[in-house]
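The values are calculated or read from the model by the stated rules, or taken from the named source; none is laboratory data. Since we're looking at a predicted model, the values are computed, not measured. When we count neighbours, we look across all protein chains shown, and the Cβ atoms used for this are built from the backbone with ideal geometry, even at glycine.
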């Protein structure tokens, strides 16, 4: 007779409370038919019957709390209700006062009583009597795997979610411990300190990107043959706007707040499988787009060839984080200490733009991007951050690309 056990209900769940039995002793049950309901601190679930037959014993009653893998009931799957009388093919009839026929003749003339039909016998299985949770059964069903083919590793041989996932995947599903590279470890430590010690704020605005359509027409190279990116154009406007927002071109160490007269622009760069680095364009204020493009391209070349020096990575006073992909709307970067702000840019998108000519609005194709600023609340607040971003947008719109290239 199969034992009904409480299956594994989750990786961290070790017990459950029986809240309701849907069947009583003596009832016929079908395989997978809801048998009882169990409640845990996470969820209430209906438990299916592991076999077809007669429920002969309920061990854990309603309100009982039991450990996973414990027996809660017994099902007789032998084909007939336990203790039920089986009718014989012939029965004696009581003697009649008016009949002289022998008893045997009466019995012969009476119709025989048919035997009770046998209950269906479930297929033999290595997991007969082991209940699986609805989640596990769904994983196996969706993956086309029979529960009888899975060797359970849970309490009492129950099939756990991990067992089911492994069976469906037909391969290992264990987590793999991947050691952090030195670069990622240093980056994580620095960003953790920054996020915990700096009161971050963030503001973002949408900006007219018509300047990039002009750049496409003129060509994305300088007169010297240096490639020009969207990030370089935004960087130029960001550096020039800092002349009017000196508190953002600063560093904050301990209780000392230092305003810098020289803008040393950090450009955030992702390193494949090794975190990120921030090469610095020193003395960026006063550069033309042509000069800035040359300096940034030189840093990128040294980064690719692993020839960056310590000086290339030191002394930043303000950082820009370019768009991670062509589909990114915006990012909220962590400030790179000891700096007090970092500008982020989303991808330049071609979008429908509503423009008003006279009193009639009309829709045109335009360019837009989102600029964001993460700032240190000790030196700035949202209104000031938004004012800075709006000034960057104004400088973008008024940039003379022909002379800058």
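Does the stretch 337-359 contain any residue that is loosely packed, with under 12 Cβ neighbours inside 10 Å, part of a loop (DSSP other than H, G, I, E, B) and without any contact (Cβ under 8 Å) to a residue 12 or more places away in the chain? Yes; the residues of the stretch 337-359 include at least one that is loosely packed, with under 12 Cβ neighbours inside 10 Å, part of a loop (DSSP other than H, G, I, E, B) and without any contact (Cβ under 8 Å) to a residue 12 or more places away in the chain. Restricting attention to the stretch 316-336, the residues that are out of contact with any helix residue (DSSP H, G or I) (no Cβ under 8 Å at 6 or more places or on another chain) and either in a strand (DSSP E or B) or farther than 21 Å from residue 234 by Cα (or both) add up to 2. Of all residues in the stretch 384-405, those satisfying the criterion of being in contact with a strand residue (DSSP E or B) (Cβ under 9 Å, 6 or more places away or on another chain) and either more than 27 Å from residue 255 (Cβ to Cβ) or surrounded by fewer than 13 Cβ atoms within 10 Å (Cβ to Cβ) (or both) are 386, 389, 390, 392, 393, 396, 397, 405. The residues of the stretch 5-30 that are under 35 Å from the mean Cα position of the chain (by Cα) and at pLDDT 85 or above, listed by number, are 5, 6, 15, 16, 17, 18, 19, 20. In summary, strands (runs of 3 or more DSSP E) completely within the stretch 213-299 and bearing 3 or more residues that are surrounded by fewer than 21 Cβ atoms within 10 Å (Cβ to Cβ) occur at 250-253, 256-259. Scanning the stretch 60-76 for residues that are surrounded by 15 or more Cβ atoms within 10 Å (Cβ to Cβ), over 36 Å from the mean Cα position of the chain (by Cα) and in a loop (DSSP other than H, G, I, E, B) gives a single hit, 60.
Tell me whether the stretch 381-397 contains one or more residues that are within 23 Å of residue 236 (Cβ to Cβ) and outside any helix (DSSP H, G or I). Give the steps one after another, and end with the answer.
Taking the stretch 381-397 as the starting set, the residues that turn out to be within 23 Å of residue 236 (Cβ to Cβ) are 384-397.
If we keep only those that are outside any helix (DSSP H, G or I) as well, we get none.
No: the stretch 381-397 contains no residue that is within 23 Å of residue 236 (Cβ to Cβ) and outside any helix (DSSP H, G or I).
Please work out if residue 286 is at positive phi and over 38 Å from the mean Cα position of the chain (by Cα). Yes.
Residues in the stretch 37-59 that are closer than 18 Å to residue 138 by Cα and not in a loop (DSSP other than H, G, I, E, B): 37, 38, 44, 45, 46, 47, 48. Say whether the condition of being within 24 Å of residue 36 (Cβ to Cβ), exposed (fewer than 13 other Cβ atoms within 10 Å of the Cβ) and either modelled with pLDDT under 85 or outside the structural domain of residue 78 (by TED's automatic domain parsing) (or both) is met by at least one residue in the stretch 125-134. Looking through the stretch 125-134, at least one residue is within 24 Å of residue 36 (Cβ to Cβ), exposed (fewer than 13 other Cβ atoms within 10 Å of the Cβ) and either modelled with pLDDT under 85 or outside the structural domain of residue 78 (by TED's automatic domain parsing) (or both).
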